[in-house]
Every structure is written in structure tokens, then in C-alpha cells.
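Before any comments, here is the structure.
The values are calculated or read from the model by the stated rules, or taken from the named source; none is laboratory data. Owing to the predicted nature of the structure, the values given are computational and were not obtained by experimental measurement. Using ideal geometry, Cβ is built from the backbone for each residue, glycine included, and neighbour counts are taken over all protein chains shown.
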Amino acid sequence: MKLKNLKTIVAQAVIDYIPSGSILGIGTGTTVLKFIKILSNVKNLINGTVSSSKISTLYLKKYGMKVFDLNNINHLPLYIDGADAINNNMEMIKGGGGALTGEKILANIADKFICIIDQTKIVEILGTSFPLPVEVIPMAKSYLMREFIKLGGVPKYRKNIITDNGNIIIDIYNLKILDPIKMENVINSFPGVVTVGLFALRKADIILIGTNQGVKIIK
Ligand code: 5RP
């Protein structure tokens, strides 16, 4: 199956997990975009959405969906999002699309986080196949790059990207993340870090994987 079809089957399968009448947290990325399109056909199922990024908000509105400001919502039963890499403990690297801060906020608030991915995202060790994105306050860029080298990584400034929050992204290559929770805590502790794209402290609750054999579910 082509990659885009793997994303479509998983985006379709997650519809069955949506509690009716709820407000739904929406992630960012190409898999989520497919999900938004499919969701728009059954939009009466939900009361509305909260969005993790400006780009997802744009698509949600384009497809006629209500988007609430998170500050006006006090309960989020479910968050649905993709990932760039995920290990067998459901810990993830996210932020390939630069929306990691909004994504992490929604993932942390939600009662349940369902991750929708295609089979290419499964990895044994995080950090080896996909670089770790970190959203950073611009004035801390050089300092943080030095710190990331000390962690054993190869940091690279992501050019021509300003996040939804007016910050920059540093992608850390070649990090072998053997203890994701520890690494998340260490990177979180550096002043100037807004969000690290490591989702280990709050990992997925359910993973739906689009494979050539159909949708595989991991709980
Ligand atoms: C965006 C993300 C996405 O979830 C991640 O990049 C996966 O994207 P795609 O569905 O396009 O493969 O973290 O910041």
C-alpha cells in the first residue's frame, strides 16, 4: 500500500473512537489532515474541536468545523494526533511540523491520547531515525545548541520556520534516547526551551497503525 493510503486507513479507523457530543483535540500533520477531511463528513458526531496549530485551525474551519479557544474549554476527553517516531513503550518524537507546543498542551490536558501513524513511524530507539525538535526562545539559540552537543547530539537550526508562538526550532540529530523520560526532563530544565518534542512524560494511550495488512491497534 502507498504511504498516503496507510495514512487514510488509520485516519478512517480512529472515527470509531470518538465519543459522540464531545469536544475533540486535533493535532497537526498530513495524517491529521486526512482525519480532518474524514471527520468533516460526520461532523455532527461532535460538538466541536480545539486545535493544536494555526494550520490545523485553518483546515478545520475550511471543512466547516467549529474550533473553540482552549481557554474556554474545561474538559477534553480525547486528543488525536500523529507522530514522527514512536517506540514500543508508546513514547514519541513529535514536532516535525513545528507544532509541538500546541500538541503537547492538548496531549497533557486530554483524558485520552490516540496516536494515528503509518507503519514507517515505529522505531526501536527514539532519536536515531528522526531528529528531536525543540522549540526555543530565539535569544537562547547558541547557548542551547552548545548544551545539545553536550548531550551527544548534533543540533541544527531549522531555517525559515517561525512557530505559532513566534519562536524558532532546533532539530537535534544523532541522539540515541535510551531513557526518554530522563531526556525529556533534562531538556525541559534548560532555560530558553519552550517545548521539547519528546512525548514520554505524557505518551499515547492507544496507537492505531496503518499497515499493509490493515489497521493494527496497540493499547
Ligand atoms: C507535527 C507533528 C506530526 O504529528 C508529525 O510530524 C507527523 O506528521 P505526519 O502525519 O505528516 O507524518 O508532530 O508537529
Next on the checklist: Looking at segment 1-15, I want the residues that are closer than 17 Å to Ile122 by Cβ and have a partner that is more than 11 Å from the ligand (Cβ to nearest atom) and in a helix (DSSP H, G or I) with Cβ atoms under 7 Å, at least 6 apart or on another chain. Which pairs are those?
Outcome noted: Leu6/Gln119
Checklist entry - Among the candidates Asn87, Asn74, which residue alone is at pLDDT below 95 and out of contact with any Phe, Trp or Tyr (no Cβ under 9 Å at 6 or more places or on another chain)? => result Asn74
Checklist outcome for this item: Scanning segment 170-219 residue by residue, those over 25 Å from Ile149 (Cα atoms), part of a strand (DSSP E or B) and within 16 Å of the ligand (Cβ to nearest atom) turn out to be Ile206, Ile207, Leu208, Ile209, Gly210, Thr211, Val215
Item to check | In segment 81-108, the residues that are more than 11 Å from the ligand (Cβ to nearest atom) and farther than 21 Å from Asp16 by Cα | outcome: Asn87, Asn88, Asn89, Glu91, Ile105, Asn108
Item to check | Within segment 1-25, tally of residues that are within 15 Å of the ligand (Cβ to nearest atom), touching a Phe, Trp or Tyr at 6+ places or on another chain (Cβ under 9 Å) and among the aliphatic types (A, V, I, L, M) | outcome: 3
Checklist entry - Tell me, which residue of segment 44-56 that is crowded, with 16+ Cβ neighbours inside 10 Å and away from the ligand (no atom under 14 Å from the Cβ) is nearest to Asn108 (Cα to Cα)? => result Val50
Checklist entry - Among the residues of segment 136-153, is any under 30 Å from Asn74 (Cα atoms), within 9 Å of the ligand (Cβ to nearest atom) and modelled with pLDDT of 95 or more? => result no
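Table: residues versus (1) more than 12 Å from the ligand (Cβ to nearest atom); (2) small (Gly, Ala, Ser).
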| position | (1), (2) |
| --- | --- |
| Gly27 | no, yes |
| Val32 | no, no |
| Ile38 | yes, no |
| Leu78 | yes, no |
| Phe113 | no, no |
| Asp118 | no, no |
Checklist entry - Counting only residues that are in contact (Cβ under 8 Å) with a residue 40 or more places away in the chain and surrounded by fewer than 23 Cβ atoms within 10 Å (Cβ to Cβ), which one in segment 128-140 is nearest to Gly95 (Cα to Cα)? => result Phe130
Checklist outcome for this item: Listed by first then second residue, the pairs whose first member lies in segment 40-69 and is free of Cβ contacts under 8 Å to residues at least 60 places away in the same chain and on the phi > 0 side of the Ramachandran plot, whose partner is outside any helix (DSSP H, G or I) and surrounded by 14 or more Cβ atoms within 10 Å (Cβ to Cβ), with beta carbons under 8 Å and at least 6 positions apart or on separate chains, are Gly48/Ile23; Gly48/Leu24; Gly48/Met65; Gly48/Val67; Gly48/Phe68
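Quick one: in segment 75-103, of everything that is assigned to a helix (DSSP H, G or I) and out of contact with any Lys or Arg (no Cβ under 7 Å at 6 or more places or on another chain), which residue is surrounded by the fewest Cβ atoms within 10 Å (Cβ to Cβ)? Break it down stepwise before answering.
Restricting attention to segment 75-103, the residues satisfying the condition of being assigned to a helix (DSSP H, G or I) are 100-103.
From what is left, the residues that are out of contact with any Lys or Arg (no Cβ under 7 Å at 6 or more places or on another chain) are 101-102.
Values: Thr101: 20, Gly102: 27.
Taking the candidates together, the pick is Thr101.
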